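Enquirer: Supplied in structure tokens, the structure appears directly below.
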Amino acid sequence: MTKLACPREAYGRHLVKTAAADERIVALDADLSGSTMSCLLREEYPERFFEMGIAEQNMVAVAAGLALSGKIPFVHSFSMFLTGRAFEQVRQSVALAKANVKLIGSSCGFSDFGDGATHQALEDVAVMRALPNMTVLVPMDAAEVAEAVDLALEIQGPVYIRISRSPMEYLTKAIPGSSLFEPALMADGRDLTVFANGLMTTEALQAREILAKEGISLRVVNVSCVKPLSKEAIQRWAEDVQGVITVEEHSVIGGLGSAVLEALALSPRPTYVMGAEDVFGQSAQSHEELLVYYGLTKEAICQRARFLLGRREAS
Amino acid sequence: MQKRDLDYLKSKARAVREGIVRAIGVDQKGHLGGSMSSADLVTALYFYKMRHWPDDPKNPDRDRFIFSKGHSVLAQYAALAECGYFPAEALPTTKQLGSFLQGHPERDRTPGIEANTGSLGQGLSIGLGMALAARLDKRDYKVYVIVGDAELAEGQIWEAVTAASFYRTDNLIAIVDHNKMQATGPIVQLYDVGAVGKKFASFGWRVLEIDGHDMEAVVDALDAADISTGQPVAIVAHTVKGKGVSFAENVASFHNGALTREQYQQALREIAHNEV
């Protein structure tokens, strides 16, 4: 569990590979192609890459027009600008129109640590999840980024994929080969279930190892597909434990935690939602520094697990 | 594409205006003003200029038309019905619960509708995407987008105008329905968007300026827009909001107003008898 890979590079390489096999694929970017790695497609297929300038609203609606003419546009920017600045274009031109547009939100969560709150997307999953016809994918590692691209191509309609700027460990599912649509068991346990996605799945697995030494058994389930969410799977993984924790690099409002709570509304078990506590981010020297500050670490997960089991007070 | 017969086109414009009134009906609000100001432009597109097949609305070689000022879609519904995309009897169901004729255009509900618009400022960008797709696919279809003059306040319009100029999409034609009225009154008093033609020209567009109710001028401009110069084309069409219905012309309240039974009948009479 130590091999690191950069998800955005994995994304760019996979996009080029996929585009080689499907000439309907085109890419648009708003002057961030060197960060989102759509530049790799530009180098390979310049005629299929559209630099749209720093004008995200136009870019998203242009992509809708391309999609309505049979293309499969992959639209790139930082998560914040793509889902924030262009929200209403995503809503009307893409989601309402059921346009086959793939929205690639890069530098998600706190991963653009230095740039501060303006660039840190902590609401993107919430707003994309609220849109009818939208699929929302939050891959847990670089391999899942490629899987998410493949899945997006199978879906005839809008898809939002959230990609981190930070290197991520390759993780192994307990049952390999399952669809991204299904919440995936990463490691089983008896006492508590942790639902996580993105970088937080790694943290949850590390928390599980720490807690195992204390005699606490954690089940970790990765939920890359926040929407559509398999509620039955969430209920199944949560029914034989004493409590549930959700953890995501996103606001506690509207994201994975909210989706899990909706699925477990009738469950008698306590559920604790971990994420950014309705706050904006800020600048820091590293991504890790922000994750510590905002309580999104394996230690924070351990603390919450102990509290849920009555072992210790939560601070 | 039809032959150039101005009397025929004028009769079709009357049919479109009648369809607008029938779609609005009695005692229900409807976007009369902007639909009427666009009516001659829409007529010229569907009955003269555009290559399209009502029995094959998804034909990949069709010319595309997007009403960026989506509230004026009543003119498009009337034209689509007159072309045979769907029966004209459906027009009065506009905005009724479950109708395939929504208050604003929805592509997956209505045959012949190309995009979803309504929130203003987005249609020209969608048209640009379609124009770029035509280039990639080496197809020679054209993309026509009607935008409102008050809609030019939306920043996204100028993003699209800039991008179309950069990408030299001369298969993209923006038609500005320059009726000089926004929803709440005259734009010159409320929010003047300035010299529309000069603005487009300064962004690198080829600009044609016409009387949008002079059918001959409209078809001449649409023909002139065919010439490939590497520049997108803006046709600034000077129009009158509510054109063809005397009591609604230049009256802001008929941007989205209801007709009484008497007004409804009077509107149909005037449309039938006026040489618009």
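The values are calculated or read from the model by the stated rules, or taken from the named source; none is laboratory data. All figures in this text were calculated on a predicted structure; none of them were measured in a lab. FYI the Cβ positions are ideal-geometry reconstructions off the backbone, even for glycines, and counts take in every protein chain you see.
Enquirer: If you go through segment B:62-79 one residue at a time, do you hit one that is among the acidic types (Asp, Glu) and without any contact (Cβ under 8 Å) to a residue 12 or more places away in the chain?
Expert: No - not one qualifying residue is present in segment B:62-79.
Enquirer: Further question: Counting only residues that are outside any loop (DSSP other than H, G, I, E, B) and among the aliphatic types (A, V, I, L, M), how many does segment B:100-126 have?
Expert: Number satisfying all stated conditions: 2.
Enquirer: Here is a further query. Give segment A:136-153 a look and list any residue that's of a type in the set (Val, Ile, Thr), more than 15 Å from A:Gly177 (Cα to Cα) and in a helix (DSSP H, G or I), or say none.
Expert: If the condition is that a residue be of a type in the set (Val, Ile, Thr), more than 15 Å from A:Gly177 (Cα to Cα) and in a helix (DSSP H, G or I), then A:Val149 is the only one that fits.
Enquirer: Among the numbered criteria (1) more than 8 Å from chain A (Cβ to nearest Cβ); (2) assigned to a loop (DSSP other than H, G, I, E, B); (3) touching a residue at least 40 places away in the same chain (Cβ under 8 Å), which one does B:Phe86 miss?
Expert: (3)
Enquirer: Considering only residues that are within 16 Å of B:Leu120 (Cβ to Cβ) and of a type in the set (D, E, K, R), look in segment A:80-105 and name the one that is nearest to the other protein chains (Cβ to nearest Cβ).
Expert: A:Glu88
Enquirer: Considering only residues of segment B:142-167 that are among the acidic types (Asp, Glu) and assigned to a helix (DSSP H, G or I), which is farthest from the other protein chains (Cβ to nearest Cβ)?
Expert: Among those residues, the one meeting the criterion is B:Glu151.
Enquirer: I would also like to ask the following. Residues that are more than 21 Å from A:Gly281 (Cα to Cα), away from every other protein chain (no Cβ under 14 Å) and aliphatic (A, V, I, L, M): does segment A:109-127 have at least one?
Expert: There is no residue in segment A:109-127 that is more than 21 Å from A:Gly281 (Cα to Cα), away from every other protein chain (no Cβ under 14 Å) and aliphatic (A, V, I, L, M).
Enquirer: Name the pairs: first residue in segment A:1-28 and under 15 Å from A:Met140 (Cβ atoms), second residue at pLDDT 95 or above and of a type in the set (Lys, Arg), Cβ to Cβ under 6 Å, at least 6 apart or on different chains?
Expert: Every condition considered, no pair remains.
Enquirer: Condition test on A:Leu199, is it under 16 Å from A:Asp124 (Cβ atoms), touching a residue at least 12 places away in the same chain (Cβ under 8 Å) and in contact with a Ser or Thr (Cβ under 8 Å, 6 or more places away or on another chain)?
Expert: Answer is yes for this residue.
Enquirer: Quick test of your reading of the structure: A:Ala276 fulfils all but one of (1) touching a residue at least 40 places away in the same chain (Cβ under 8 Å); (2) within 16 Å of A:Ala196 (Cα to Cα); (3) in contact with a helix residue (DSSP H, G or I) (Cβ under 7 Å, 6 or more places away or on another chain). Name the failing condition by number.
Expert: Going through the list (1) touching a residue at least 40 places away in the same chain (Cβ under 8 Å); (2) within 16 Å of A:Ala196 (Cα to Cα); (3) in contact with a helix residue (DSSP H, G or I) (Cβ under 7 Å, 6 or more places away or on another chain), A:Ala276 breaks only (3).
Conditions tested, residue by residue: (1) out of contact with any helix residue (DSSP H, G or I) (no Cβ under 9 Å at 6 or more places or on another chain); (2) assigned by TED's automatic domain parsing to the domain that holds A:Asn197; (3) farther than 15 Å from A:Phe74 by Cα.
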{"position": "A:Val136", "(1), (2), (3)": "no, no, no"}
{"position": "A:Ala143", "(1), (2), (3)": "no, no, yes"}
{"position": "A:Val149", "(1), (2), (3)": "no, no, no"}
{"position": "A:Ala152", "(1), (2), (3)": "yes, no, no"}
{"position": "A:Arg162", "(1), (2), (3)": "no, no, no"}
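Enquirer: Being buried (at least 16 other Cβ atoms within 10 Å of the Cβ), at negative phi and small (Gly, Ala, Ser) is the filter here; which residues of segment B:95-116 pass it?
Expert: Matches in segment B:95-116: B:Gly103, B:Ala115.
Enquirer: Condition check: buried (at least 17 other Cβ atoms within 10 Å of the Cβ), of a type outside the set (S, T, N, Q) and touching a helix residue (DSSP H, G or I) at 6+ places or on another chain (Cβ under 6 Å). Does A:Leu199 satisfy that?
Expert: In short, no.
Enquirer: Quick check: anything in segment B:246-253 within 29 Å of A:Glu56 (Cβ to Cβ) and away from every other protein chain (no Cβ under 14 Å)?
Expert: Checked against the condition, which is being within 29 Å of A:Glu56 (Cβ to Cβ) and away from every other protein chain (no Cβ under 14 Å), segment B:246-253 yields no hits at all.
Enquirer: Would you check if there is a residue in segment A:66-86 being free of Cβ contacts under 8 Å to residues at least 24 places away in the same chain and out of contact with any Ser or Thr (no Cβ under 7 Å at 6 or more places or on another chain)?
Expert: yes
Enquirer: Something else about it: Any chance you could count how many residues in segment B:84-120 are over 23 Å from B:Asn59 (Cβ atoms) and of a type in the set (Lys, Arg)?
Expert: Of the residues in segment B:84-120, 1 are over 23 Å from B:Asn59 (Cβ atoms) and of a type in the set (Lys, Arg).
Enquirer: Could you list, in sequence order, the residues of segment B:129-141 that are within 18 Å of A:Gln92 (Cα to Cα) and either without any contact (Cβ under 8 Å) to a residue 60 or more places away in the chain or more than 8 Å from every other protein chain (Cβ to nearest Cβ) (or both)?
Expert: If the condition is that a residue be within 18 Å of A:Gln92 (Cα to Cα) and either without any contact (Cβ under 8 Å) to a residue 60 or more places away in the chain or more than 8 Å from every other protein chain (Cβ to nearest Cβ) (or both), then B:Gly129 is the only one that fits.
Enquirer: Name the single residue, out of those in segment B:50-64 being charged (D, E, K, R) and over 13 Å from the mean Cα position of the chain (by Cα), that is surrounded by the most Cβ atoms within 10 Å (Cβ to Cβ).
Expert: It comes out as B:Asp63.
Enquirer: Pick out the one residue from A:Leu153, A:Leu131, A:Leu192, A:Leu185 that is surrounded by 22 or more Cβ atoms within 10 Å (Cβ to Cβ), of a type outside the set (Lys, Arg) and in contact (Cβ under 8 Å) with a residue 40 or more places away in the chain.
Expert: Of the residues listed, the single one that is surrounded by 22 or more Cβ atoms within 10 Å (Cβ to Cβ), of a type outside the set (Lys, Arg) and in contact (Cβ under 8 Å) with a residue 40 or more places away in the chain is A:Leu192.
Enquirer: With respect to the numbered conditions (1) in contact with a helix residue (DSSP H, G or I) (Cβ under 6 Å, 6 or more places away or on another chain); (2) crowded, with 20+ Cβ neighbours inside 10 Å; (3) over 16 Å from A:Pro73 (Cβ atoms), which one is the sole condition not fulfilled by B:Ser119?
Expert: Exception for B:Ser119: condition (2).
Enquirer: What's the total number of residues in segment B:103-116 that are touching a Pro at 6+ places or on another chain (Cβ under 9 Å) and more than 7 Å from chain A (Cβ to nearest Cβ)?
Expert: The number of residues fulfilling the criteria is 3.
Enquirer: Consider segment A:51-79. How many of its residues are surrounded by 24 or more Cβ atoms within 10 Å (Cβ to Cβ) and more than 7 Å from every other protein chain (Cβ to nearest Cβ)?
Expert: Final tally of qualifying residues: 11.
Enquirer: Tell me which strands (runs of 3 or more DSSP E) are completely within segment A:12-101 and hold 3 or more residues being at pLDDT below 95 and hydrophobic (A, V, I, L, M, F, W, C), or say none if there are none.
Expert: Per the criteria, no element qualifies.
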